[in-house]
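Submitted below is the structure of interest, expressed as structure tokens.
Only the coordinates and a few stated rules stand behind these numbers; no lab work does. Bear in mind the structure is a predicted one, so any value in this text is a computation, not a measurement. Cβ atoms come from the backbone with ideal geometry, glycine included; neighbour counts cover every protein chain shown.
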Amino acid sequence: MTEPVPRDNRPGRAGRGSVLDSPRVLWVLAVVFTVAAAGSLALVVVDLVIARPAAGDVFITALNALAAFLLWRRLLAQTRA
């Protein structure tokens, strides 16, 4: 059997946890969740127009909007710092 290759632990190399600190990744996620919240809100409106229960869609809209808000806030905090 062969020995596993040792990992290179250079201090200049970004780890996996630092991916969410990238402004580009935060921007993409913020846009994706904003679009998802807008689409969910459109589904809530359609549900109300056709007289269908909208509770599930309202819940998903709230979750998407919360995620978008937190991501935009984190992105803005990073750009200000």
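Going 7 Å from the Cα of VAL58 along its beta-carbon direction, which residues of the range 21-44 have the amide nitrogen within less than 19 Å of the resulting point?
Label zone hits: 37-44.
Using θ = phi - 60° and the Karplus form 6.51 cos²θ - 1.76 cosθ + 1.60, what ³J(HN,Hα) does each residue of the range 21-29 get, whole Hz, x for Gly and Pro?
8, 6, x, 5, 5, 4, 5, 4, 5
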